[in-house]
Structures are given as structure tokens and as C-alpha cells.
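S.K.: The structure is given below, and queries will be raised subsequently.
The values are calculated or read from the model by the stated rules, or taken from the named source; none is laboratory data. Since this is a predicted model, take the numbers as computed values, not measurements. Don't worry about glycine lacking a Cβ; one is built from the backbone with ideal geometry, like all the others, and counts go over all protein chains shown.
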């Protein structure tokens with residue numbers, strides 16, 4: 001019984017992508033992944049959860065050439081009879097996935113190689129469908145800015161923005177999007193923040209990856225809280241507490257200070 005209770009509280013997360021997921025920094029001398037800070041944010045909001053993460057980031061890899069095969073390795077096809085037997089011991093909707101969430105970030109290298117945006121997006125949907133088909137939820141991240149300027153910036157911005165719009169517009173059950181591009185805007189940062197968080201024109205410093213982890217962690221907490229509320233009996237969901245509708249200053253923060261912001265969980269979300 002105790003083992004079953006512990007299993008219900010596990011939260012298994014796959015962080016999947018390219019060098020930005022691998023935590024590439026200092027020309028490859030340092031690798032600092034975002035999952036540790038992400039896990040800390042989730043643990044603070046859900047201390048009853050046992051959080052485990054696996055990072056699969058491969059520097060230089062592309063959505064067009066490598067992502068699909070790598071994702072398949074995390075969700076191997078099993079014998080149908082075995083899957084059927086396993087499903088008898090699983091909760092509804094859990095499927096046969098080894099993870100509860102797959103966080104997918106990619107596309108920077110594809111944009112740089114000039115792969116058509118529509119082709120990148122089509123391949124992305126195939127990649128997302130692998131975990132989704134196994135009962136794993138997906139959190140897709142939009143592609144952050146590159147620290148470039150001039151004509152190169154205009155061309156890159158146009159292609160990246162088109163792909164990000166396609167990602168944000170995609171709808172499917174158990175599919176969620178977090179706009180990392182908006183959350184970590186290089187050109188809107190102060191010069192001090194640019195130096196603090198950005199390592200080169202594409203990659204981040206360790207503090208930059210920690211910032212990403214904090215932001216992604218808060219986004220995942222928000223989704224998890226909404227799911228917890230949705231699972232409550234209707235009578236409890238209708239209960240209203242003081243300040244439930246209030247927007248606190250901590251939720252917005254100073255838009256010019258990129259590291260501001262808190263996880264705000266109201267009593268109605270947890271009661």
C-alpha cells in the first residue's frame with residue numbers, strides 16, 4: 001500500500017532538445033542543465049511529489065534530422081499483450097509512458113540551417129505525437145531569441161517568429177505550450193542582464209539556464225495546479241476565498257527585471 005501511494009506522488013519529467021537543453025556554455029567547457037532549478041520550483045509548490053528528471057539534450061541536433069529517432073528511444077514500442085497487462089495496473093490516462101511530462105525545446109539549429117519553417121513544424125508535431133500517444137503530457141517551449149543584429153536578425157526573427165506562432169497555435173489533448181521566447185527576451189534585457197544570462201549569441205550562462213529552469217518550473221506548476229483544481233469535486237471548485245480573484249504584484253513583477261516573479265498558489269487551488 002505504501003509503495004502504491006509513493007507511485008501516485010511521482011512526477012517523471014523528460015527534458016528533451018538540443019544544446020539549450022544540454023546546457024551548453026563557455027564554448028562547450030561547461031554544461032549546466034535547467035532541470036535542477038525547474039525541479040526546485042515544482043518541489044516548493046508540491047512538496048508531496050517525488051520529482052525525477054531525465055535530460056536528453058544533444059548539441060547541434062536538429063528537429064529535421066535527429067529529434068524523431070531520439071524521442072522514439074524514450075518511448076519504445078512494447079509488445080501489445082504486455083502493454084495490455086500493464087494497463088490493468090495503471091490509472092486511467094497514464095498509458096504506458098515512462099514519463100508523465102516531456103518538455104521539448106528545439107528549432108534553433110533548424111532555423112540556422114535554413115530548413116523551411118513549415119517542414120520544421122510538421123516534424124515537430126510528429127515528435128510531440130510520440131509521447132502524447134503513450135499517455136505522456138507535452139510542454140512545448142518556443143524558441144528564444146538569438147543575440148544578433150542587422151539583416152541577419154531580421155531574417156532570423158521572421159522565420160523564428162513564424163515557427164513560434166505555429167507552436168503556440170497548436171491544439172491537442174495533453175499538449176501545452178510555454179512561451180520561452182517571451183519569458184527570456186534578449187533584446188529587451190538591460191545590458192547587465194544580457195551579460196549575466198547570455199553566454200554567446202545563442203547559448204546561455206549557467207545563471208541563464210537557471211533562469212530558464214525557474215521560468216519553466218513556474219509554468220509547469222501553473223498547469224499542475226489547474227489540473228488539481230479540475231480534479232476537485234464541483235462543489236469544492238465553486239468555493240471562493242478572500243483575494244482569490246486578486247492579482248498580486250508578485251505575479252506580475254517589473255517587466256524590465258527578468259528575474260522577478262513568484263509562484264502564487266491560492267487556497268482555492270489547493271483546498
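S.K.: Given the conditions (1) closer than 22 Å to residue 39 by Cβ; (2) buried (at least 21 other Cβ atoms within 10 Å of the Cβ), which single one is not true for residue 214?
M.R.: (2)
S.K.: Report the residue count in region 134-157 for those that are more than 18 Å from the chain's Cα centre (by Cα) and surrounded by fewer than 20 Cβ atoms within 10 Å (Cβ to Cβ).
M.R.: Residues that pass the stated criteria total 11.
S.K.: For region 27-53, how many residues meet the condition of being assigned to a loop (DSSP other than H, G, I, E, B) and in contact (Cβ under 8 Å) with a residue 12 or more places away in the chain?
M.R.: Residues of region 27-53 that are assigned to a loop (DSSP other than H, G, I, E, B), as a first pass: 29, 32-34, 46-49.
Now narrow it down to the ones that are in contact (Cβ under 8 Å) with a residue 12 or more places away in the chain: 32-34, 46, 48-49.
Residues that pass the stated criteria total 6.
S.K.: Could you check region 119-168 and list, in sequence order, the residues that are without any contact (Cβ under 8 Å) to a residue 24 or more places away in the chain, farther than 19 Å from residue 16 by Cβ and in a helix (DSSP H, G or I)?
M.R.: Matches in region 119-168: 150, 151, 152, 153, 154, 155, 157, 158, 161, 165.
S.K.: Determine whether region 100-112 contains at least one residue that is under 18 Å from residue 19 (Cα atoms), modelled with pLDDT under 95 and not in a loop (DSSP other than H, G, I, E, B).
M.R.: Step one: of region 100-112, the residues under 18 Å from residue 19 (Cα atoms) are 102-112.
Cutting the leftovers down to modelled with pLDDT under 95 gives us 112.
Keeping just the survivors that are not in a loop (DSSP other than H, G, I, E, B) gives 112.
Within region 100-112, one or more residues are under 18 Å from residue 19 (Cα atoms), modelled with pLDDT under 95 and not in a loop (DSSP other than H, G, I, E, B).
S.K.: Same structure, new question: Out of 206, 185, I need the residue that is surrounded by fewer than 19 Cβ atoms within 10 Å (Cβ to Cβ), in contact with a strand residue (DSSP E or B) (Cβ under 7 Å, 6 or more places away or on another chain) and closer than 25 Å to residue 60 by Cβ. Which one?
M.R.: Answer to the selection: 206.
S.K.: Still on this structure, I have one more. So is residue 95 at pLDDT below 90 and touching a helix residue (DSSP H, G or I) at 6+ places or on another chain (Cβ under 9 Å) or not?
M.R.: Numbers: at pLDDT below 90: yes; touching a helix residue (DSSP H, G or I) at 6+ places or on another chain (Cβ under 9 Å): yes.
Taking the combined requirement at face value, the residue satisfies it.
S.K.: If you take the residues of region 8-26 that are modelled with pLDDT of 95 or more and not in a strand (DSSP E or B), which of them is nearest to residue 227 (Cα to Cα)?
M.R.: Step by step, filter region 8-26, then rank; the result is 21.
S.K.: Same structure again: Would a scan of region 147-155 turn up a residue that is in contact with a helix residue (DSSP H, G or I) (Cβ under 8 Å, 6 or more places away or on another chain) and closer than 21 Å to residue 198 by Cβ?
M.R.: The answer is yes, given that some residue of region 147-155 is in contact with a helix residue (DSSP H, G or I) (Cβ under 8 Å, 6 or more places away or on another chain) and closer than 21 Å to residue 198 by Cβ.
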